[in-house]
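Following: one structure in structure tokens, then a few remarks.
Where a number appears in this text, it was derived from the coordinates with a stated rule and is not lab data. Worth saying up front: this structure is predicted, and the values here are computed from it rather than measured. Virtual Cβ from ideal backbone geometry, glycine too; neighbours counted across all protein chains shown.
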Amino acid sequence: MAGRAVLIAIGVVFAAILLFALVVGLYIKSTYNGFIEKSQAVDAQWGQVQTQYQRRFDLIPNLVEATKGIFQQEQQVFGQLAEARTRYAGAVTPDQRAQAATQVESALARLLVVVENYPQLHSQANVAQLMDELAGTENRISVERKRYNEQVLAYNNSVLRFPSNVIAGMFNFSQRNYFNAAPGTETAPKVQF
């Protein structure tokens, strides 16, 4: 009977050790998979940030071209108006003044045609629309950066908390960096025309 009790005791100890090893193994597996999921979430969120960066980079050339169009239209019409006004101011004889006034009227008529046909206003609407899209993209970038930092926070907390930090150390999971603004971005840029 004593031999049987010893065998039962050894069996219980062996079962307890086996159960403990199984629980530890399941914990390690679960924690490791959690690190993988959180790491992948951080990477996926960074992909969203990059998608918004690409959207920004795609919008900028369109904005530049639309702005060039406005400046070209204004430059041409206002250049003609300025030239006609200069000729009128420099005119001495009534004939010269009449001819210069005709040029002013002609330039004004062209300006009215431009306004009536709305190409300048249409260009401005395009620029306004592109500016709105760019502002929206900047907002999206800000939101995606915030979400990225939230994913990094969740991941880093898992890497640092006990006992998961032991598993993180075993499998070389280390903290990820937060998105931080570049130095000097706290100062608004000066725009001069």
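Would you please give the FRET efficiency between Asp132 and Gln76, computed as 1/(1 + (r/R0)^6) with r the Cβ-Cβ distance and R0 = 45 Å, to the nearest 0.05?
0.95
Would you grab the residues whose amide H sits under 5 Å from the one on Ala91? Only those 5+ places off in sequence or on another chain, please, with H modelled 1.01 Å from N.
none
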